């Protein structure tokens, strides 16, 4: 007699940051060693889940994940950190909230990259202007190379 005959299961593919794809099989109400597996934890207040990137302590919009693990078929346990006030906390959030958080992190990354490009361009212009001025003033001669 099979213990798993009356239990439903979910199969989910997850792509890890390394690019490796794994399949995660989770069983609903599976009996393990005579104990019932715990149900997915209740999700926290949905208002907080809509803004995982905002620190509840100082209001900074720079909160980022330190660690994350699956906590059921549709939930993730995420450890968050605020670089502004040094707050660190762990919570369990629904997949939709984590996907919104991921999109916000992508927007933040794009913003940082755009700022970096502008800064690199400004620095290069400054270097070219200084080098040009040094050439015109005779401070750079062929022997310097």
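The values are calculated or read from the model by the stated rules, or taken from the named source; none is laboratory data. This is a predicted model, so every value here is computed, not measured. So basically every Cβ, Gly included, is an ideal-geometry build from the backbone, and we count neighbours across all protein chains shown.
Listed values, structure above:
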item: Meets criteria (surrounded by fewer than 10 Cβ atoms within 10 Å (Cβ to Cβ) and modelled with pLDDT of 90 or more) for residue 133; result: no
item: Test: residue in region 80-87 that is surrounded by 15 or more Cβ atoms within 10 Å (Cβ to Cβ), touching a helix residue (DSSP H, G or I) at 6+ places or on another chain (Cβ under 8 Å), modelled with pLDDT of 90 or more and under 18 Å from residue 50 (Cα atoms); result: no
item: Yes/no for residue 104 being assigned by TED's automatic domain parsing to the domain that holds residue 57, loosely packed, with under 14 Cβ neighbours inside 10 Å and without any contact (Cβ under 8 Å) to a residue 60 or more places away in the chain; result: no
item: Filter result for the condition that a residue is on the phi < 0 side of the Ramachandran plot, modelled with pLDDT of 90 or more and within 13 Å of the chain's Cα centre (by Cα), over 100, 117; result: 100
